[in-house]
1. Tell me, which residue of region A:263-276 that is assigned to a loop (DSSP other than H, G, I, E, B) and in contact with a Ser or Thr (Cβ under 8 Å, 6 or more places away or on another chain) is farthest from the other protein chains (Cβ to nearest Cβ)?
2. Hey, among B:ARG222, B:ARG246, which residue is surrounded by fewer than 19 Cβ atoms within 10 Å (Cβ to Cβ), out of contact with any Asp or Glu (no Cβ under 9 Å at 6 or more places or on another chain) and within 11 Å of another protein chain (Cβ to nearest Cβ)?
3. Out of curiosity, is B:GLY145 touching a Leu at 6+ places or on another chain (Cβ under 9 Å) and either over 24 Å from A:LEU294 (Cα atoms) or within 10 Å of chain A (Cβ to nearest Cβ) (or both)?
4. Go over the candidates B:GLY182, B:GLY158, B:GLY209 one by one and state the one that is modelled with pLDDT under 95 and among the small types (Gly, Ala, Ser).
5. Within region B:21-33, is there a residue that is touching a helix residue (DSSP H, G or I) at 6+ places or on another chain (Cβ under 6 Å), hydroxyl-bearing (Ser, Thr, Tyr), more than 13 Å from B:ALA244 (Cβ to Cβ) and part of a strand (DSSP E or B)?
6. What do you reckon, is B:PRO211 without any contact (Cβ under 8 Å) to a residue 12 or more places away in the chain and at the interface with chain A (Cβ under 8 Å from one of its Cβ atoms)?
7. Working only within region B:299-323, note down all residues that are of a type in the set (Gly, Ala, Ser) and either modelled with pLDDT of 95 or more or crowded, with 20+ Cβ neighbours inside 10 Å (or both).
8. Does B:ALA282 count as touching a residue at least 40 places away in the same chain (Cβ under 8 Å) and either touching a Lys or Arg at 6+ places or on another chain (Cβ under 7 Å) or crowded, with 24+ Cβ neighbours inside 10 Å (or both)?
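The values are calculated or read from the model by the stated rules, or taken from the named source; none is laboratory data. Because the structure is predicted, anything quoted here is derived from the model rather than measured. When we count neighbours, we look across all protein chains shown, and the Cβ atoms used for this are built from the backbone with ideal geometry, even at glycine.
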Protein chains: 2
Amino acid sequence: MKNLITDVPGLKVGNAEDARVASGTTAIVFDAPAAAGVAIPGGAPALRDTGLLRPEMTVARVDAFVLSGGSVFGLDAAGGAIAWLHAQGRGVPVGAARAPIVPGAALFDLDHGGDKDWGRRPPYFDLGWAAAEAARLDFQLGSVGAGCGATTYDLKGGLGSASAVTSNGFVVGALAAVNAAGRATRGASPRFWAAAYERGAEFGGLGEGPPSDDALVFALKRDQPANTTLAVVATDAPLDKAQATRVATMATVGFGLAVRPAHAPTDGDVVFAASTGRAARAPELCDLAEIGMLAAECLARAIARGVYEATPLPFDGAMRSWRGRWGSRQ
Amino acid sequence: MKNLITDVPGLKVGNAEDARVASGTTAIVFDAPAAAGVAIPGGAPALRDTGLLRPEMTVARVDAFVLSGGSVFGLDAAGGAIAWLHAQGRGVPVGAARAPIVPGAALFDLDHGGDKDWGRRPPYFDLGWAAAEAARLDFQLGSVGAGCGATTYDLKGGLGSASAVTSNGFVVGALAAVNAAGRATRGASPRFWAAAYERGAEFGGLGEGPPSDDALVFALKRDQPANTTLAVVATDAPLDKAQATRVATMATVGFGLAVRPAHAPTDGDVVFAASTGRAARAPELCDLAEIGMLAAECLARAIARGVYEATPLPFDGAMRSWRGRWGSRQ
């Protein structure tokens, strides 16, 4: 186990970023089309082709998900992944045509530094192609991919991931690009909100610590819809779209376990859920509850890891990182 | 401040229960019609007249909410509250008629003890009338109202409430009837999941405690859709239906902060949100984020208090209470 979403058999992850632009894209590419669902608890989402994920809609499986910086421009990234997948012969066959299915979501990093003066053609289509092409079982965390330009209230954000196994052996994993309006840490301390769910010292091992009034101060990055934590959860349990939607809904808890506040009107929190179906047996109702619970907790851990692993952007005035502020290990 | 949802000016709460049936009903009655919204994150809800709460539906305000035991039968309780409100001259005038607007939700306590062999006419209509008639600023917590027959995985559940004030002075409150499939405590310990948000010793003051593998064991009451935590959050900030819906969505985080797992396929988690509009000024976007955050945290505290204040039902084999297991104070 790598403690990455790629511990779930049947998917790969690729990152691409442009250091000059200070933004990037992450693609989650399924080896074979995967049943999927979505939950959209945030108040300011930027989404592409999520309507088809509703259980009553006809298309049942997706080829990939794309998470991207770039806000409204970043929704181009799914187009690049679609083009790359098409070039590989992927996609729903319709007559002689093939249509790769790639729902996407974007976070707002347009004023977090970097050169966003890209003229007529934003870079996200090409970043989406590159991210899909780069998909592997191993991938980097921190200030990469969709997490490249991400920030939280007072620390650099980034890309995080985590995995777990249910008591009956189903594998669950999560991936998050953390650009929250609020904080992933308890006030100005180095301790993460998600500490109760930490495994080993995957985000520093500092624990919950003593109660602190500072932890409960209300802190919000800005009073505009310009933030967003993006997430994907996955399992090898065979699920249909309705079950995947239940897992996505349960996974929304993970935002609340790891970020304060969560689902703010200025956040576009969204979580995609997918089933690669590689496990040998179907889950019972109780398995589904445990998969959803672990999806939430993997998501919380992935959010903490995304902040913990982040490095600052190379610009004057760039948001400081957790490691820059608190040291690489405590 | 009473640390109850009735700290929000403009609403009252009434409980009614039938000890022989071991079930009951809670009514939240607004002094004047209140703008409202709802979020339904659970997988097995039992709901009445929630469709009208969507922002695009025409009816803009509600007269009351009714939470009840009794599962599908308990949805009768809203009818009793409607009849009582009508007798008081309340309701939307339509020609010579008046239609009190009372969305409701029910939890499953049908096999938690008590005599449910009620023949042709279930008791919930009358319980709903009695609960609405009993509405006051002061009300009891624990095994009363909709919490009368409620349980969690291994402790008696009950009715809880809590309140808070935003940094700009808006009042926020929550009410919960806790019948969760999972646990509100960390494993078999007396410590509540919501401990980080506790104020004073409102649910024992035991804190988060040391990390524990036992806390992270997966525990689910049963593999059937027969549980559910019901909640109401309210604020005096003037909100429209869309803003109330955002507060309801943010408040769903409170289930996750207080119960593990939350939003299970076997839970019917639902949270109603209402605005009494008594505050002098309208909230900014940042205020709305803080109101939603405190709604989530008040809900988490209300859930913990509901379990903390519960007393066991007077039947052989009834689920033990937190106080019975851990003493009235530690």
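1. Pass one, region A:263-276, residues assigned to a loop (DSSP other than H, G, I, E, B): A:263-269, A:276.
Subsequent filtering for residues that are in contact with a Ser or Thr (Cβ under 8 Å, 6 or more places away or on another chain) retains A:263, A:267-269, A:276.
Values: A:HIS263: 5, A:ASP267: 8, A:GLY268: 12, A:ASP269: 10, A:THR276: 20 Å.
Out of the qualifying residues, it is A:THR276.
2. Details: B:ARG246 fails: surrounded by fewer than 19 Cβ atoms within 10 Å (Cβ to Cβ).
On inspection, the qualifying residue turns out to be B:ARG222.
3. Values: touching a Leu at 6+ places or on another chain (Cβ under 9 Å): yes; either over 24 Å from A:LEU294 (Cα atoms) or within 10 Å of chain A (Cβ to nearest Cβ) (or both): yes.
Considered against the rule, which asks whether it is touching a Leu at 6+ places or on another chain (Cβ under 9 Å) and either over 24 Å from A:LEU294 (Cα atoms) or within 10 Å of chain A (Cβ to nearest Cβ) (or both), B:GLY145 comes out as yes.
4. Numbers: B:GLY182 fails: modelled with pLDDT under 95; B:GLY158 fails: modelled with pLDDT under 95.
Unique residue meeting the criteria: B:GLY209.
5. yes
6. Working: without any contact (Cβ under 8 Å) to a residue 12 or more places away in the chain: yes; at the interface with chain A (Cβ under 8 Å from one of its Cβ atoms): yes.
So B:PRO211 fits the description; yes.
7. B:ALA300, B:ALA302, B:ALA304, B:GLY306, B:ALA310, B:SER321
8. Values: touching a residue at least 40 places away in the same chain (Cβ under 8 Å): yes; either touching a Lys or Arg at 6+ places or on another chain (Cβ under 7 Å) or crowded, with 24+ Cβ neighbours inside 10 Å (or both): no.
The answer is no for B:ALA282.
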